[in-house]
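Contents: one structure, followed by commentary.
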Amino acid sequence: MTIAAPRPLRTTRPRRTPAGTANHASDYTELTRRVKAAGLLERRPGFYAVRGILLVAAFTIATALMLAVGRSWWQLAVAVLFGVLFTQVGFLAHDGAHRQMFVSGKRNEWVSRVLANLVVGLSYGWWMHKHSRHHANPNTQGKDLDMDASALVFTPRDAATRTGFAKVLMRKQGWFFFPVLTLTGLDLHVKSVSMLTARGEVKHRVVELALIAVRLVGFATLAIVVAGPVIGPAFLLVQVLVFGFTMGAAFAPNHKGMPLIDESQRIDYLRRQVLTSRNITGGWPVTLGMGGLNFQIEHHLFPNMPSINLRRARPLVRDYCAELGVPYTEATLPKSWAIVVNYIHRVGLGEADPFDCPAAAYFRLA
């Protein structure tokens, strides 16, 4: 089976009340009532305390291993561990940015700022601006910054602007999906530093710049001092590639290949979030690896819901969508990757040529 690239989203005919007025706004109100009644929006401080303690313990072990291994190529295995741990802290910072940890908005903000800048090496201010626009307009052309063209092109509109060698590469971009994912971490570091050193307005820019400098310069110095001038840079390279892949692999499957919305289209909040999002199935291993973002539909509907509650919200949201006749999309992680590769490959081909990308064929989706 070949999966065609998604077309711009078509709005469904609104459900009508007996008086004949549109009732879509009340659909989300009713869902919110059910979610609140189930207690799923209540904070879970115990969960985040345990999560934080476990991460501190994991980083302590990773650092001890780094110091014990010294100037050995086994440091590359330690680098993989650090890459995974930085991704997990990124997920924790993401939860705080969505005000899932504390009742206090300021406390959430500062914890996320410190975690993002000092531990991960990512500008909280820059990321928050980008991510907030994504949540408000998922998969909306011209509004969702996650859909902007970069090394890969995600929309036919952007594909039409590519010329020359860039167009040649674009026509094979499905082949490059997984290699490009490994560069996500480097891209996040570079864009964070660029934003913080530019003249643009970033809240608490000086603080963020100081924190991110300590993280990027300090960690690199530590790696080179401990592992040496040859193994140290190799350690840093492996760490940032693993961080990029694990971070990118957690975010990419959730929206890529789902329906696109034109910026002129008006769609109610519930349908906008559900129709453009995809849940990833696979149980607790997938939930742990994706930081709870595998429940993307629930997360987009209720961004401030603690990630530990998203699993419990899933059947409630899924059943309610069935009541409304709103499609609720789920896929396994391998299948979702194949869908994404298929989609971006077809975008690069202008949806004209047969799909021949071996990455998706491996998952037997093409």
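No lab work stands behind these numbers, since they all come straight from the coordinates. A quick note: this is a predicted structure, and the numbers were derived from the prediction, not measured. Note: ideal-geometry Cβ built from the backbone for every residue, glycine included; neighbour counts use all protein chains shown.
For the reader, a short list of remarks on this structure follows.
- Selection among SER264, GLY325, ALA79 by position relative to the dipole of region 24-362 gives ALA79 as farthest towards the positive end (Cβ unit charges, Cα centre).
- Rounded if a/c under 1.5, otherwise prolate or oblate - region 68-179, Cα gyration tensor axes: oblate
- Three-way shape call for region 203-307 based on the alpha-carbon gyration tensor, with the a/c threshold at 1.5: prolate
- Most to least packed among 292-298, 142-148 [average Cβ atoms within 10 Å]: 292-298, 142-148
- Residues LYS106, LYS191, LYS36, arranged from fewest to most other Cβ atoms within 10 angstrom of their Cβ, appear as LYS106, LYS36, LYS191.
- Building the convex hull from the alpha-carbon atoms of region 24-362 and averaging its projection over directions returns 18.6 nm².
- Separation between Cα centres of region 196-240 and region 108-154, rounded to whole Å: 19 Å
- Unit charges at the beta carbon, dipole of the chain: most positive-side option, PHE165, VAL56, LEU40: LEU40
- Residues whose amide H lies under 5 Å from that of THR281, counting only those 5 or more places away or on a different chain, are ALA331, THR332, LEU333; hydrogens are built 1.01 Å from N in the peptide plane.
- Charge dipole magnitude, Cβ of K and R +1, D and E -1 - region 24-362, Cα centre, debye nearest 20: 540 debye
- When you restrict to C-alpha pairs under 8 Å that are six or more residues apart and normalise by the size of region 24-362, the relative contact order lands at 24 percent.
- Descending semi-axes in whole angstrom, ellipsoid equivalent of region 138-225, from the Cα gyration tensor: 31, 19, 10
- In this rough spin-label picture, where each label sits 7 Å from Cα along the Cβ direction, the GLN265-LEU65 distance is 4.5 nm.
- Span-rule helices in the chain, defined as complete DSSP H runs reaching 15 Å or more along the axis (Cα) with Kyte mean at least 0.5: 45-69, 75-97, 184-197, 205-251, 333-349
- The stretch between ALA58 and ILE224 holds 57.6 nm of extra length on full extension. This uses 0.36 nm per residue minus the Cα-Cα distance.
- Available extension along the chain between LEU41 and HIS135 is 32.1 nm, counting 0.36 nm per residue and deducting the alpha carbon span.
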